[in-house]
Amino acid sequence: MNLAPYAEFAKRAFSREATYRAEVFTRVGSVLLRVFLLSTLWTALYRNNGAKQGISLESMITYATLALLLDLIYGVNGAYVIRQKIREGSIAIDFMRPISVPLYVFADTVGQTGFALVQIVPALVLSFPLLGLMHAHVGGPSGGIAALGFVASVALGFLLNFLIDLIMATATFWTMEIFGIQIMVQFISSLLSGSLVPLYFFPNGLQKIAFALPFAGLYNAPLSIYIGKWQGRDIALGLGEQALWLALIWFAAMAFWRRGERRVVVQGG
Amino acid sequence: MAAAINMIIQASHLTKQFKSVRRKEGVLGTLATLFSHDYEFKDAVTDVSFDLEPGELVGYIGPNGAGKSTTIKMLTGILVPTSGHCTVNGIVPWQDRQANGRGIGVVFGQRTQLYWDLPLVESFRLLKAIYGVSQASYDRHLKKFSELLGLDEFMRTPVRQLSLGQRMRGDFAAAMMHEPAVVFLDEPTIGLDVVAKEAIRNFIASVNKERGTTFILTTHDLNDVEKLCARIILIDHGRKLYDGSIDAIKKRYGPNRLLTADFLTDAAGVDIRMPGVAVLERDGQRIRLEFERERVRADELIVALSRQADLKDVTIAEPELETIIRQIYERGLDRSGPAPQ
């Protein structure tokens, strides 16, 4: 398959995002605000209750800060454009081109995420002095393997996140509106992925549910590796589990997409 | 079917029937609709067949809801027919949509294929990558299209800031960038001013002539059709009504020409009694006549008129395609024209 068009799509998406310069400042600003609020909150909670579940205050602040940076990556939702294309009917034009629409949307998402990564740098750099003022700081990865594992885990999480967004966007073929589904999935995801609170702090039952769902692969897996909560075999198992979910959801997303496409092609939308 | 191999588009007995759940009224009805298995069927296109030779420029016309866009959707591969068959460039469109996509171009008057946020030229570059157009051909096409369509002045403007006329010119260039053998035009001049319409028509004619590109033009603007197409396919209620040349349909269904004569004196006394001529209207010094083109020669009619009073001015008008086609829609094909001889 010729990948040149998709590289071009990713490049365009990157430069398109770069044209909205004002938004960069607001996004970085909002990350900094949340870094400040969360570290204040966790510091206060730890002062009163001491270390939790083997996670030190320093690890917790590291966890919370990195989770905010992952938000920037996962928040891109490039697949959302499909909803608009279906509603406006312009999906028909994409179907007439010699390209795969999901792959095109993925390339666009990669480009947008590339730009999100560019924003992470200033957000991270500015976070350090901010946390320093509060006598807190973000620790580095717990070791070389942890660093590599973290990068691999974020990459898997990125793909997983894209496919979840793609599945929701595909539902537009039937429902025309996906706002409700989206809000619901986002709520469940933010709770059960470990993006707000580490899953280790959850009561036993809820923890089991969270670990059994794919959302844990978005935040819990990479951050557990980074702060050293997972070591050696656990890292391998965690990555394996993410990969397994990825494969499963990939099949589901593609099957769902083909059904949606067939609906348009056979029933005319 | 040996000749059929040369056909660039072949449609045989294309039929598309849409199935939808019958909607019930009221709140309870809406709920019931969700679980209903009570379907209704709508025939969008029924048994439509036609062949196109390479390089033809065909007007595909019909009133709203006649099945025009359903046919185009089947030919572009985004709709599977209920029955029947078609090939475009030798490919069955819906079986290999991506391969079909390489050989066709599409222009929608009501919908742009340009990338909204990007300058026009960026859309072209993206299309170059999508269709794998070589740098040399890209440069050549861009230069050519810029000349024909005057794209230079807004090449670097984001598409969202373009006027409708500029956007349409951009859309045309975009559709031709990969040198498709077949181009589908869906209402390409809708909402455009006279100048822009003329530029677009000239562009179509020139691409058709120079490259031998086949065009199917779907439109309500019969001026487009009359200026560009030698052949029309007329459909209504999903069925093909007519397929042939514009001249033939005019001869067959619009056999009369109109003559308006202005006299220097009052026309009340003018009386023409020639077979095949009918007086439509008298108005002071003016008289309007209708005459059969096959039976009456215009010059003889004018001579006859000038014998009766001093002529000031004479104009002769051809029947308009629009009038003829409206009659066909309203009365059906058989009753529109004179009885066949």
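The values are calculated or read from the model by the stated rules, or taken from the named source; none is laboratory data. All values reported here derive from a predicted model rather than from experimental measurement. Cβ atoms come from the backbone with ideal geometry, glycine included; neighbour counts cover every protein chain shown.
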Matching residues, segment B:71-111, being buried (at least 22 other Cβ atoms within 10 Å of the Cβ), part of a helix (DSSP H, G or I) and β-branched (Val, Ile, Thr): B:71
Determine the pairs where a residue that is among the β-branched types (Val, Ile, Thr), located within segment A:214-233, has a partner that is assigned to a helix (DSSP H, G or I) with Cβ atoms under 6 Å apart, the partner being 6 or more residues away or on another chain. A:225/A:146; A:225/A:149; A:225/A:150; A:225/A:153; A:225/A:235; A:227/A:59; A:227/A:62; A:227/A:63
Look at segment A:40-78 and say how many of its residues are under 27 Å from residue A:169 (Cα atoms) and of a type in the set (Phe, Trp, Tyr). 1
For residue B:114, work out the one condition from (1) in a loop (DSSP other than H, G, I, E, B); (2) without any contact (Cβ under 8 Å) to a residue 12 or more places away in the chain it doesn't fulfil. (2)
Taking the stated definitions as given, is residue B:69 among the small types (Gly, Ala, Ser), modelled with pLDDT under 95 and under 15 Å from residue B:218 (Cβ atoms)? yes
Can residue A:67 be described as buried (at least 21 other Cβ atoms within 10 Å of the Cβ) and within 14 Å of chain B (Cβ to nearest Cβ)? no
Pick from B:226, B:198, B:179: which is exposed (fewer than 14 other Cβ atoms within 10 Å of the Cβ), in the same structural domain as residue B:55 (by TED's automatic domain parsing) and not in a strand (DSSP E or B)? B:198
Testing residue B:278 on (1) outside the structural domain of residue B:76 (by TED's automatic domain parsing); (2) part of a helix (DSSP H, G or I); (3) touching an Asp or Glu at 6+ places or on another chain (Cβ under 9 Å), one condition comes back false. Which one is that? (2)
The condition from (1) loosely packed, with under 13 Cβ neighbours inside 10 Å; (2) aliphatic (A, V, I, L, M); (3) modelled with pLDDT of 95 or more that residue A:176 misses is numbered (3)
List every residue pair whose Cβ atoms sit under 6 Å apart, with the two residues 6 or more apart in sequence or on different chains, where the first one lies in segment B:302-319 and is farther than 10 Å from residue B:258 by Cα and at pLDDT 90 or above and the second, anywhere, is part of a strand (DSSP E or B) and aliphatic (A, V, I, L, M). B:302/B:314; B:314/B:261
Sole exception among (1) surrounded by fewer than 23 Cβ atoms within 10 Å (Cβ to Cβ); (2) outside any helix (DSSP H, G or I) for residue A:200, by number: (2)
Note on segment A:13-53: residues in contact with a helix residue (DSSP H, G or I) (Cβ under 8 Å, 6 or more places away or on another chain), away from every other protein chain (no Cβ under 14 Å) and touching a residue at least 40 places away in the same chain (Cβ under 8 Å) are A:24, A:27, A:28, A:31, A:32, A:35, A:36, A:39, A:43, A:52, A:53
Among (1) away from chain B (no Cβ under 14 Å); (2) farther than 28 Å from residue A:234 by Cα; (3) of a type in the set (Gly, Ala, Ser), the one test that residue A:144 misses: (2)
In the list B:173, B:136, B:129, which residue meets the criterion of being among the small types (Gly, Ala, Ser), in a helix (DSSP H, G or I) and within 12 Å of another protein chain (Cβ to nearest Cβ)? B:129
Taking the condition of being assigned to a helix (DSSP H, G or I), basic (Lys, Arg) and within 23 Å of residue A:10 (Cβ to Cβ), how many residues in segment B:139-170 meet it? 1
Residues (in a helix (DSSP H, G or I) and out of contact with any helix residue (DSSP H, G or I) (no Cβ under 6 Å at 6 or more places or on another chain)) located in segment A:84-98: A:84, A:87, A:88, A:92, A:93, A:95
Any idea which of A:40, A:65 is out of contact with any Ser or Thr (no Cβ under 8 Å at 6 or more places or on another chain) and assigned to a helix (DSSP H, G or I)? A:40
Condition test on residue A:130, is it hydrophobic (A, V, I, L, M, F, W, C), in contact (Cβ under 8 Å) with a residue 24 or more places away in the chain, over 20 Å from residue A:23 (Cβ atoms) and out of contact with any Ser or Thr (no Cβ under 7 Å at 6 or more places or on another chain)? yes
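For the subset of segment B:1-20 comprising residues that are over 30 Å from residue B:54 (Cβ atoms) and surrounded by 14 or more Cβ atoms within 10 Å (Cβ to Cβ), which member is modelled with the lowest pLDDT?
That would be B:18.
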Are any of the residues in segment B:60-68 surrounded by fewer than 22 Cβ atoms within 10 Å (Cβ to Cβ), at the interface with another protein chain (Cβ under 10 Å from one of its Cβ atoms) and touching a residue at least 40 places away in the same chain (Cβ under 8 Å)? no
Here is a list: A:118, A:81. Which entry is within 14 Å of chain B (Cβ to nearest Cβ) and either touching a residue at least 12 places away in the same chain (Cβ under 8 Å) or part of a helix (DSSP H, G or I) (or both)? A:81
Restricting to segment A:250-264, name every residue that is touching a helix residue (DSSP H, G or I) at 6+ places or on another chain (Cβ under 8 Å) and facing chain B (nearest Cβ under 9 Å). A:264
Output the residues belonging to segment A:99-108 that are part of a helix (DSSP H, G or I) and either farther than 15 Å from residue A:15 by Cβ or without any contact (Cβ under 8 Å) to a residue 12 or more places away in the chain (or both). A:101, A:102, A:103, A:104, A:105, A:106
Surrounded by fewer than 19 Cβ atoms within 10 Å (Cβ to Cβ), more than 11 Å from residue B:14 (Cβ to Cβ), among the small types (Gly, Ala, Ser) and in the same structural domain as residue B:185 (by TED's automatic domain parsing): does that describe residue B:26? yes
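Tell me the residue from B:44, B:32, B:99 that is of a type in the set (Gly, Ala, Ser), over 25 Å from residue B:234 (Cα atoms) and either away from chain A (no Cβ under 14 Å) or in contact (Cβ under 8 Å) with a residue 12 or more places away in the chain (or both), please.
Exactly one of B:44, B:32, B:99 is of a type in the set (Gly, Ala, Ser), over 25 Å from residue B:234 (Cα atoms) and either away from chain A (no Cβ under 14 Å) or in contact (Cβ under 8 Å) with a residue 12 or more places away in the chain (or both), namely B:32.
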